[in-house]
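This report concerns only the one structure given below.
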Amino acid sequence: MLVCRSTAHSVYAAQHALQHTRDKPVLAVVDDAPGASWGQNTANKIRLTEPYVQSWVRIPMVSDWRELESPSSFVATILETAEQDLPKSARQFARALLELVDEIVRLDSVDDQFRSA
């Protein structure tokens, strides 16, 4: 997995890193502002990156977590919590995180099939 922010500069850095990877990773693009739309330059860079990654997943920023002393503690439990029991601000993040996990598990199972063949 390769992670970058949703800025043109960060996606460019991810593209540079992809030149040095052996396998196609899943790209996680983390929004750098809550609810912000991507600029045309960033969106174009992500489209140009698609052939070099297995897939990409957009991860929204949850602005409420900026005020938590330990947001990682909350994030650690997000996959164990039913979506309807999560704060509304975290539900989109939870769906994106599940999508990301599904992509990684899918790739891992494909790798296992090739290893056992």
**Request:** Give, as ranges by residue number, the residues of segment 36-52 whose backbone N falls under 20 Å from the point 7 Å along Cα→Cβ of Lys24.
**Result:** 43-52
**Complete:** the chain accessible area per residue, 1.4 Å probe, protein heavy atoms, integer Å², reads 67
**Request:** Return the ratio Rg/(2.2 N^0.38 Å) for the chain, where Rg is computed over Cα atoms only.
**Result:** 1.16
**Request:** Using 0.36 nm per residue of separation minus the Cα-Cα distance, give me the extension gain between Ser70 and Ala82 in nm, one decimal.
**Result:** 2.3 nm
**Asked** Helix hunt in the chain: which complete DSSP H runs extend at least 20 Å axially by C-alpha with mean Kyte-Doolittle at least 0.5?
**Response** none
**Request:** Determine the share of the chain's accessible area contributed by carbon and sulfur atoms, expressed in whole percent, with a 1.4 angstrom probe.
**Result:** 52
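The values are calculated or read from the model by the stated rules, or taken from the named source; none is laboratory data. Note that the structure is a prediction, hence the values are computed from the model and not measured. Please note: Cβ atoms are built from the backbone with ideal geometry, for glycine as well, and neighbour counts cover all protein chains shown. Side chains are part of the model used for accessible areas, which takes the heavy atoms of the whole protein and leaves out ligands, DNA and RNA. Shrake-Rupley method; radii C 1.70, N 1.55, O 1.52, S 1.80 Å.
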